[in-house]
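The values are calculated or read from the model by the stated rules, or taken from the named source; none is laboratory data. In this text, all values refer to a predicted model and were calculated from it rather than measured experimentally. Please note: Cβ atoms are built from the backbone with ideal geometry, for glycine as well, and neighbour counts cover all protein chains shown.
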Amino acid sequence: MLKIAVVILNWNGVKLLERFLPSVLEYSNNYKIYVADNASTDNSIAFIKENYPSIGIVENKINGGYAKGYNDALQHIDADVFCLLNSDVEVTPNWLSPIADHFTKNIDTVIIQPKILDLKKKTHFEYAGAGGGFLDSFGYPFCRGRIFDTLEEDKGQYNDTTPIFWASGACLFIRKSTFTTLGGFDEDYFAHQEEIDLCWRAQNMNLQVMYVGTSTVYHIGGSTLSEMNPKKTFLNFRNSLFSIIKNIPIQKAIFIVLARLLLDGIAGIRFLTQLRFSHFFAIIKAHFSFYWNIPKTLKKRDLKVKHKKYHKIKSIVWSYFVNGSKEFNNLVKD
């Protein structure tokens, strides 16, 4: 049997553990469950030891965010496949079986994401991942089932098994061998979009990222950083630019970064019109942080990267705001 380790990253999340650990234990068959604790100062560790002694605990020395947190913890866990599961995810009966079956039968598949629905509104897809992730030609991420703030109702339209470009970090399965080969997450991201970079680097090595829609989980989202937090805006805008510089041939990357200056500026103006001044300044801060880190980021480039068509969409911004395409299956492909 494929050895899957379900690894839940935690930082001061005892309330989330109280709420969500029961479903994970109930529906995870005989697979081993771990909590990777990012130096919590609440009683998370004591709660687990007292109530769930079967759960393995890995205690990280510092809170290095999502990226370093998993990089540090996974070194101490033995498995064929890691399931990186957010602490605010409710799993469902039989959620692991389709994933394990696909990994067993498809050796070229190295990363898998299940269907991610909204725990607050279970009939609809959830923002972080939905039915699998893609990028437009400018490196902006979007999902089947979620484009910007439009969330589709789940009508079975994404119950398929299909290649995707990126898998959500809310529930991401990856072969241990692949995680090791890729060197784990880029710790300079701290959190947000490090999973996109990981999947991008995997695909630059011609490895396959898949979505398996017969497995379902429910995600709250925003438990660590809400959509209203300007730090999340900062990380998303900066880290997206990091990924472009790292994973695209340099001539193409320069063109895309210059285009993003304009497009990100438009996003900043939109924040101003909404009187969300902290988010406007977060975009400016993101760009200056990106510029400061360009020399360091360039050293991480794989010289063999080749430009790929991530999806046949030139601009998700244009498709959504100008063409009015609010759902994935209605996008006008280029």
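Side notes on the structure shown:
- Scoring ASN206 on the criteria (1) at positive phi; (2) in contact (Cβ under 8 Å) with a residue 60 or more places away in the chain leaves a single failure, condition (2).
- When segment 70-124 is limited to residues that are β-branched (Val, Ile, Thr) and more than 15 Å from LEU2 (Cα to Cα), the one that is farthest from the chain's Cα centre (by Cα) turns out to be THR123.
- Filtered residues of segment 1-22 (kept if surrounded by 19 or more Cβ atoms within 10 Å (Cβ to Cβ) and of a type in the set (A, V, I, L, M, F, W, C)): ILE4, ALA5, VAL6, VAL7, ILE8, LEU9, TRP11, LEU16, LEU17, PHE20, LEU21
- GLY139 being more than 23 Å from THR214 (Cβ to Cβ) and either in contact with a strand residue (DSSP E or B) (Cβ under 8 Å, 6 or more places away or on another chain) or part of a loop (DSSP other than H, G, I, E, B) (or both): yes
- In segment 143-249, counting only strands (runs of 3 or more DSSP E) that sit wholly within it, the ones holding 2 or more residues that are buried (at least 23 other Cβ atoms within 10 Å of the Cβ) span 171-175, 208-219.
- Elements of type strands (runs of 3 or more DSSP E) in segment 71-120, at least 1 residues being hydroxyl-bearing (Ser, Thr, Tyr): 109-118
- Residue tally, condition touching a Leu at 6+ places or on another chain (Cβ under 8 Å) and part of a loop (DSSP other than H, G, I, E, B), over segment 8-35: 3
- Qualifying residues in segment 41-61 (those that are of a type in the set (A, V, I, L, M, F, W, C), over 16 Å from ASP72 (Cβ atoms) and surrounded by 15 or more Cβ atoms within 10 Å (Cβ to Cβ)) - the one farthest from the chain's Cα centre (by Cα): PHE47
- Of everything listed in (1) crowded, with 23+ Cβ neighbours inside 10 Å; (2) touching a helix residue (DSSP H, G or I) at 6+ places or on another chain (Cβ under 9 Å); (3) on the phi < 0 side of the Ramachandran plot, the single unmet condition for ALA130 is (3).
- Residue match in segment 208-217 (condition: at pLDDT 90 or above and farther than 22 Å from LEU96 by Cα): no
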